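What follows is a single structure, written as C-alpha cells, with notes after it.
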Amino acid sequence: MADAPNAARCSVQHRWGSGESASSVDQLADLLDELEVDDPEHPDVWISDDEAGYSVSAFAGSRGLVIWEDHDEVRGPLHMDGYSRARTMDLFTMVLQGRAAEVGSLPWLPGCGS
C-alpha cells in the first residue's frame with residue numbers, strides 16, 4: 001500500500017494519550033499494533049480526518065468494534081462490529097487517503113454499539 005498523498009489532513013491518537021499527524025500506512029499498522037496489549041482503561045486508538053471533520057476509532061478485543069464520530073456532531077456517533085484487523089486497516093487507510101464519502105457510505109449503525 002502506498003502512503004497517502006494528503007496525509008497532512010489527518011492525525012492519529014495513540015492508545016496511551018499521545019497524538020501526531022498521520023503520514024503513512026505503516027504508521028497505521030503500528031497504531032493498530034497497540035490494540036494487542038490488554039489495557040481496559042485505554043481501549044481504543046483513532047484516526048481523524050481533520051479536513052473533513054470526522055474520526056474513526058478502533059477498539060481492542062474480539063468484538064471488532066469501530067466507531068465513526070462527526071467532529072461537529074451533525075451525524076453520529078455510529079458504529080460497526082465484527083471488524084478484523086485487516087478490515088480496520090483498510091478503513092483507517094480510507095480515512096488517511098481522504099476517502100470520506102466511501103467511509104460515510106459504509107453500513108454504519110446508530111450509537112456506540114453499547
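The values are calculated or read from the model by the stated rules, or taken from the named source; none is laboratory data. Here the structure is a predicted model, which means the values were calculated and not measured. Note that each Cβ is placed from the backbone with ideal geometry, even for glycine, and that neighbours are counted across all protein chains shown. Areas reflect the complete protein model, heavy atoms only, side chains present, ligands, DNA and RNA absent. Shrake-Rupley method; radii C 1.70, N 1.55, O 1.52, S 1.80 Å.
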- Task: State, as an integer percentage, the relative contact order of the chain based on alpha-carbon contacts under 8 Å between residues 6 or more apart.
- Result: 24
- With all protein chains present, the chain has a carbon and sulfur share of its accessible area (1.4 Å probe) in percent of 50
- Give me the distance in nm between label points sitting 7 Å out from Cα along the Cα-to-Cβ direction at VAL74 and VAL37, one decimal. 3.7
- Query: How large is the accessible surface per residue of the chain, computed with a 1.4 Å probe and reported in Å² as a whole number?
  - Reply: 52
- Assigned charges on the beta-carbon of Lys, Arg, Asp, Glu; the chain dipole about Cα centre (debye): 380
- Note on the structure: From DSSP H assignment alone, runs of 4+ in the chain each adding -39500 (n - 2.57), the sum over residues rounded to the nearest 500 puts [θ] at 222 nm at -6500 deg cm²/dmol
- Task: Just add up the charged neighbours of PRO77: K/R +1, D/E -1, any other residue whose Cβ is under 11 Å from the Cβ of PRO77.
- Result: -2
- Query: Once the Cα gyration tensor of the chain is found, what semi-axes does its equivalent ellipsoid get, as square roots of 5 times the eigenvalues, in whole Å, sorted largest first?
  - Reply: 19, 18, 13
- Compute the Cα gyration tensor for the stretch 23-87, then decide on rounded, prolate or oblate, letting a ≥ b ≥ c be the square roots of its eigenvalues: rounded whenever a/c is under 1.5, prolate when a/b is larger than b/c in the other cases, and oblate in all that remain. oblate
- Task: Grab the Cα-Cα distance for ASP26 and ARG63, subtract it from 0.36 nm times how many residues apart they are, and report the gain in nm with one decimal.
- Result: 10.9 nm
- Query: Using a Gaussian network for the chain with springs between C-alpha atoms less than 10 Å apart, which of these wobbles most: SER62, SER24, SER11?
  - Reply: SER62
- Local electrostatic count, ALA52, Cβ distance below 14 Å [Lys/Arg +1, Asp/Glu -1]: -4
- Farthest toward positive dipole pole in the chain [+1 Lys/Arg, -1 Asp/Glu at C-beta], among SER18, LEU65, GLY82: GLY82
- Could you please report the charge total around GLY111, scoring K, R as +1 and D, E as -1 over all other residues with beta-carbon less than 13 angstrom from its beta-carbon? -1
- Estimated vicinal HN-Hα couplings, Hz - the stretch 54-71 in sequence order (Karplus 6.51, -1.76, 1.60; Gly, Pro = x): 8, 10, 10, 9, 10, 10, 5, x, 7, 5, x, 7, 10, 10, 9, 10, 8, 4
- Figure the gain on full extension for LEU106 and SER18 (residue separation times 0.36 nm, minus the Cα-Cα span) and round it to one decimal in nm. 28.9 nm
- Item | Residues with amide H under 5 Å from that of HIS79, placed H, sequence gap 5 or more | TRP68, LEU109, GLY111
